[in-house]
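Every number in this text was worked out from the coordinates using simple rules, so none of it is lab data. Quick caveat, the model's predicted, so the values are computed rather than measured. FYI the Cβ positions are ideal-geometry reconstructions off the backbone, even for glycines, and counts take in every protein chain you see.
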Amino acid sequence: MASRYYYGTGRRKCAVAQVRLYPGEGNIVINDKPMDEYFPPEWLRTRLQEPLGAVGMEGNFTVSVKVTGGGICGQADAVRHGIARALLAHDPELKPVLRKGGFLTRDSRVKERKKPGLKRARKAPQYTKR
């Protein structure tokens, strides 16, 4: 691969994606596997390609991703966030388009911690009068 690349880190829930954009023919490789093999559902693949489509650069970059943590949906959204940030590193003038599409906003919702005396974060044991 070419030595010059653009880097972006994406996060969602517990997933962290380290994304590198190389000038190339448009392949996407995630954890050394093709995108089709790593994310089998079609809607996940289209979701993580949305930032490239919004700026019209679908076939301009080869994307190399290392993603860890979380589940399949969180990882896909982390990759999407990382691609958007890497595109911003490539061309800062894309910021209005990426911001309008909501690709640069980090989704900060995470699982709430379990509280003492409760079964889960908010679920309490069943109440009995006697």
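For this structure, a couple of remarks:
- The length gained on full extension between residue 113 and residue 58, counted as 0.36 nm times the residue separation minus their Cα-Cα distance, comes to 15.9 nm.
- For the chain, the longest principal axis of the alpha carbon atoms and the long axis of helix 72-90 meet at an angle near 40°.
- Remark: the chain carries a charge dipole of roughly 1660 debye about the Cα centre, counting +1 on each Lys and Arg Cβ and -1 on each Asp and Glu Cβ.
- Cβ-defined net charge surrounding residue 18, 12 Å radius [Lys, Arg +1; Asp, Glu -1]: +4
- Cα-Cα over 30 Å, subset of 33/123; 13/33; 66/95; 13/129; 13/115: 33/123; 13/129
- Matching label, Rg and Dmax of the Cα atoms in Å computed from the structure shown, candidates (i) 18.3, 72; (ii) 15.9, 57; (iii) 14.2, 43: (i)
- Point-charge dipole on Cβ atoms (K/R +1, D/E -1) for the range 87-128, about Cα centre, debye to 20: 580
- Residue-averaged 222 nm ellipticity for the chain, from DSSP H runs of 4+ at -39500 (n - 2.57), nearest 500: -9000 deg cm²/dmol
- With contacts taken as Cα pairs under 8 Å and at least 6 residues apart, the range 6-101 reaches a relative contact order of 44 percent.
- Cα lying deepest toward the dipole's positive end in the chain, options 44, 105, 60, charges on Cβ: 105
- Residue 28 long-range amide H proximity, modeled H, under 5 Å: 35, 63
- For the range 72-112 and the range 1-41, distance of Cα centres in Å: 13
- Which of 32, 77, 91 has the fewest Cβ neighbours within 10 Å, and the rest in rising order: 32, 91, 77
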